[in-house]
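Data first, discussion second: the structure below is written as structure tokens.
The values are calculated or read from the model by the stated rules, or taken from the named source; none is laboratory data. Here the structure is a predicted model, which means the values were calculated and not measured. Note that each Cβ is placed from the backbone with ideal geometry, even for glycine, and that neighbours are counted across all protein chains shown. All accessible areas refer to the heavy atoms of the entire protein, side chains included, with ligands and DNA or RNA removed. Shrake-Rupley method; radii C 1.70, N 1.55, O 1.52, S 1.80 Å.
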Amino acid sequence: MADPLLARVSRIVQATPVHDIHTHLYDPAQGELLLWGIDELLVYHYLVSEASRQMEVPIERFWNASKQEQAEFVWKALFVDHSPVSEACRGVITTLNLLGIEPRKHDLESLRGWYAAQNPDRFIDRVMQTANLASICMTNSPFDPVERPTWDRGFTRDPRFVAALRIDPLLVAWPETAGWLREQGCAVTRELTAQTLGEVRRFLADWTARIDSRYCMVSLPPSFAWPADTDIARLIEGAVLPHCRDHGQAFALMMGVQRAVNPRLRMAGDGVGLANLTALQALCAAHPDNRFLVTCLARENQHELVVLARKFPNLHPFGCWWFTNTPQLIREITTMRLELLGTSFTPQHSDARVLDQVLYKWHHSRSILAEVLTDKYAAAAAAGWEVTDAEIQRDAAELLGGGFERFLAGARIPAERR
Ligand code: FIX
Ligand code: ZN
């Protein structure tokens with residue numbers, strides 16, 4: 001590396017363990033919920049949506065195929081028939097490389113053979129060490145019929161995997177969820193009466209304790225408005241925010257996802273829309289005792305989010321989510337955040353759905369973070385402030401999860417109020 005400052009910053013950023021604050025990974029004790037391996041890497045929905053543009057077979061034929069066959073369709077469309085230049089394709093290559101595999105020397109069969117020879121427990125250790133991960137935050141949904149029974153049965157937790165309570169169905173599909181909650185024994189009605197809101201709070205409190213949740217999370221469509229005369233606004237005001245205050249939980253909002261834009265693509269069929277951030281402004285202003293973790297999917301929302309965060313210390317921007325998780329946008333968004341917020345935000349989460357993906361997601365993100373930080377340190381040096389290694393270490397630790405942990409700690413209830 002020709003630039004000595006870039007070399008110093010890169011070394012420190014690579015050596016700093018990261019708390020991965022939002023993933024779709026699971027505790028190893030939850031068995032098959034924790035995905036890994038070459039077929040899972042290839043059927044990742046990011047790749048399926050790209051492959052759907054290039055595959056020779058119609059999408060219905062793809063969905064009817066076995067997972068291995070689906071992986072073969074994706075491999076052929078994106079790696080054999082075309083060059084793997086997209087960020088998601090590059091991710092597969094980086095992942096294999098970091099596992100010591102030269103992708104061009106293998107076909108899918110031999111890659112499967114390599115994975116089949118791995119011991120699952122040792123593989124998890126290896127991936128976490130190589131990615132230099134301190135912890136992985138899961139996305140845990142009591143509404144998920146596959147995940148829920150694993151909590152009902154109970155298991156010994158792996159301390160590296162921490163929990164976050166995900167509540168989308170409660171907020172975005174209240175009428176159906178009310179019926180489901182009644183089946184679970186909650187005394188709720190379709191109308192959001194005081195009794196119903198109290199029952200929802202009891203449900204949230206129960207699950208927060210059961211999974212030892214770090215924060216409570218929802219993803220929201222662009223149409224989300226607050227305050228508003230809607231179920232979702234009433235549930236947030238009357239149940240979620242009081243719950244968060246009572247139980248010391250931050251509330252994470254992932255804003256601007258347009259679900260099922262093309263339902264034929266299933267999970268790969270979600271899109272993006274511009275979120276209305278005046279709703280977020282109103283929430284932050286009306287609830288200074290709540291803490292909001294926020295990421296936006298639309299590039300066009302990023303500047304407004306950063307400006308809002310300058311106004312509200314109870315707002316912590318995080319991550320370059322999904323369609324913004326590309327080198328060009330990570331560079332742009334992270335630069336903007338550093339220039340307007342200093343280090344008081346969390347630049348990235350992996351959103352990994354397959355364990356191995358943390359390898360590429362963090363490798364790619366860390367290298368951009370190092371570049372962007374180097375630019376800022378060089379500019380500070382030109383203005384007369386040379387940073388020391390200890391300061392770079394402090395900043396890297398802050399950006400890779402330390403600042404997030406402190407923000408969460410601020411939401412916790414002081415002992416005297418418990
Ligand atoms: O809502 C979310 O947590 C999103 O991250 C997912 O819905 C999405 O499928 C995803 O994996 C994006 O990275
Ligand atoms: Zn996610």
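Observations on the structure shown:
- Selected residue (only one of E72, E60 is more than 16 Å from ligand 1 (Cβ to nearest atom) and surrounded by 15 or more Cβ atoms within 10 Å (Cβ to Cβ)): E72
- Odd one out for V354, checked against (1) open to solvent by 40 Å² or more (accessible area, probe 1.4 Å); (2) closer than 23 Å to M217 by Cα: (1)
Yes or no, residue by residue, for (1) of a type in the set (D, E); (2) open to solvent by less than 50 Å² (accessible area, probe 1.4 Å); (3) at pLDDT 95 or above; (4) more than 21 Å from V218 (Cα to Cα):
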position: P120; (1), (2), (3), (4): no, no, yes, yes
position: F123; (1), (2), (3), (4): no, yes, yes, yes
position: V127; (1), (2), (3), (4): no, yes, yes, yes
position: A131; (1), (2), (3), (4): no, yes, yes, yes
position: D144; (1), (2), (3), (4): yes, yes, yes, no
position: W151; (1), (2), (3), (4): no, yes, yes, no
position: T156; (1), (2), (3), (4): no, no, yes, yes
position: R160; (1), (2), (3), (4): no, no, yes, yes
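- Figure legend. Inter-residue proximity from segment 213-224: first residues of a type in the set (S, T, Y), second residues within 13 Å of ligand 2 (Cβ to nearest atom), beta-carbon distance below 7 Å, spacing 6+ or different chains. Indicated pairs: S213/A164; Y215/A164; Y215/A252; Y215/L293; S219/D168; S219/M254; S219/V257.
- Considering residues of segment 229-248 that are open to solvent by 10 Å² or more (accessible area, probe 1.4 Å), under 25 Å from the mean Cα position of the chain (by Cα) and touching a residue at least 24 places away in the same chain (Cβ under 8 Å) only, the residue nearest to I211 (Cα to Cα): H247
- Meets criteria (crowded, with 20+ Cβ neighbours inside 10 Å, closer than 18 Å to D27 by Cα and not basic (K, R)) for L165: yes
- Qualifying residues in segment 11-33 (those that are open to solvent by 20 Å² or more (accessible area, probe 1.4 Å) and part of a helix (DSSP H, G or I)) - the one farthest from ligand 2 (Cβ to nearest atom): R11
- Residues of segment 337-348 classified as open to solvent by less than 40 Å² (accessible area, probe 1.4 Å) and either in contact (Cβ under 8 Å) with a residue 60 or more places away in the chain or at negative phi (or both), total: 7
- Hits in segment 360-380 - residues which are over 16 Å from A15 (Cβ atoms) and of a type in the set (A, V, I, L, M): I368, V372, A378, A379, A380
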